[in-house]
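Participant: Below is one structure. I have some questions about it.
Here, each number is a calculation from the coordinates, and none is a lab measurement. Only a predicted model underlies this, so the values are computations on that prediction, with no experimental measurement involved. Neighbour counts run over all protein chains shown; Cβ positions are idealised from the backbone, glycine included.
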Amino acid sequence: MPDLEVDWHAGWPSAKHDPAPEIQSHAADEHTIIMRQNKSVNYEAPFMFLLFGNERALLIDTGATPEPEYFPLRDTVDEHVEEWLSRHPRRGYELLVAHTHGHGDHKAGDGQFAGRRRTTVVGPSLEEVVAHYGFDDWPATPRQVDLGGRIVDVIPGPGHHKAATVFYDRWTRMLLTGDTMYPGRLYVQDWDAFEATVDRLVAWSEAHPVSHVVGCHVEMSVQPGLSYPRGWTYQPDEAPLPMTVEQLHELQRAVREIGGAPGKHVYDAFEVWFEAE
């Protein structure tokens, strides 16, 4: 069971005086690092995930800021890789950089990995995602990434973004849901696709053991049904990052209840925002 009991840094009353580093890292276990971008650098404060296998590591998402001087993601990842390799020596160790989806706050740091040796960056477009993972029946059937002794399932997850994917890590049993499910504002681009994705994830969680449902943001407060306003860089009483399978079922019930009606729909652990075209 991964350790997700973390006091995540949630910004500072004055962003320019924030003493915390640009990236906070937490070892969920010996082979799994969760990182969060500081809200004082970018209010989105996305989470990123670094999973180590015997042959390669998988970095999921690259944050909201491209410039390494403000957001040293590559240096941080390289330090984690070097530290892991010091305990588990390997030759020719590779890095795969992937995304939960193609919005800017999840891919801005991609350029920092350009030219890095033994590194593959999966493009964020639907065409690139389908080609890399071999989805010949998108979005029907999941695919797999083998990190070497660690399998990660890649589950199609369109709805919030047309090329969204959800990652299931068989090692930690975490379901990494990106912006499809997290304690915050769930923006729906395509209602039918979103409903199908939620059903797909519920079915997956019924067929596989899930330790935690983990998204890429926190926007809700500890008070049920109350979110922080968009753009705030300080959330002193934010909800915890990990969610539960039961809350995933609650999202499924909410989607049924909303039925594609446009608007802001508020629930205890999340909000669903949908604006019909």
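Participant: Of all residues in segment 12-29, which are touching a residue at least 12 places away in the same chain (Cβ under 8 Å) and over 19 Å from the mean Cα position of the chain (by Cα)? Break it down stepwise before answering.
Facilitator: Of segment 12-29, the ones touching a residue at least 12 places away in the same chain (Cβ under 8 Å) are 12-13, 15-16, 18, 20-29.
If the condition is that a residue be touching a residue at least 12 places away in the same chain (Cβ under 8 Å) and over 19 Å from the mean Cα position of the chain (by Cα), then TRP12, PRO13, ALA15, LYS16, ASP18, ALA20, PRO21 are the ones that fit.
Participant: Pick from segment 52-107 the residues that are closer than 22 Å to TYR182 by Cα, touching a residue at least 60 places away in the same chain (Cβ under 8 Å) and of a type in the set (A, V, I, L, M, F, W, C): which of them is surrounded by the fewest Cβ atoms within 10 Å (Cβ to Cβ)? Lay out the reasoning, then the answer.
Facilitator: Just the residues of segment 52-107 that are closer than 22 Å to TYR182 by Cα, to begin with: 58-65, 97-107.
Filter once more, so that each one left must be touching a residue at least 60 places away in the same chain (Cβ under 8 Å): 58, 60-61, 98-103, 105-106.
Subset that is of a type in the set (A, V, I, L, M, F, W, C): 58, 60, 98.
On the way: LEU58: 21, ILE60: 23, ALA98: 23.
Restricting to residues being closer than 22 Å to TYR182 by Cα, touching a residue at least 60 places away in the same chain (Cβ under 8 Å) and of a type in the set (A, V, I, L, M, F, W, C), the top hit is LEU58.
Participant: Check whether at least one residue in segment 218-229 is farther than 27 Å from MET35 by Cβ and touching a strand residue (DSSP E or B) at 6+ places or on another chain (Cβ under 9 Å), and report yes or no.
Facilitator: Yes, segment 218-229 has at least one match.
Participant: Name the single residue, out of those in segment 226-253 being of a type in the set (Val, Ile, Thr) and touching a residue at least 40 places away in the same chain (Cβ under 8 Å), that is surrounded by the most Cβ atoms within 10 Å (Cβ to Cβ).
Facilitator: Residue satisfying both the conditions and the ranking: THR233.
Participant: Wholly within segment 159-274, which strands (runs of 3 or more DSSP E) include no fewer than the required count, namely at least 2 residues that are farther than 30 Å from MET1 by Cβ and of a type outside the set (S, T, N, Q)?
Facilitator: Here the list reads 185-188, 263-266, 271-274.
Participant: Also: Identify the residue in segment 145-182 that is more than 17 Å from the chain's Cα centre (by Cα) and not aliphatic (A, V, I, L, M) and, among all such residues, is nearest to ARG90 (Cα to Cα).
Facilitator: GLY148
Participant: Keeping to segment 203-225, report how many residues are surrounded by 16 or more Cβ atoms within 10 Å (Cβ to Cβ) and within 15 Å of PRO139 (Cβ to Cβ).
Facilitator: Going through segment 203-225 one residue at a time, the tally reaches 1.
Participant: With the checklist (1) out of contact with any Leu (no Cβ under 6 Å at 6 or more places or on another chain); (2) buried (at least 17 other Cβ atoms within 10 Å of the Cβ); (3) farther than 30 Å from TYR234 by Cβ in hand, flag the one item GLY178 doesn't pass.
Facilitator: (3)
Participant: Might you let me know whether segment 230-251 holds any residue that is closer than 18 Å to LEU176 by Cβ and of a type in the set (Lys, Arg)?
Facilitator: There is no residue in segment 230-251 that is closer than 18 Å to LEU176 by Cβ and of a type in the set (Lys, Arg).
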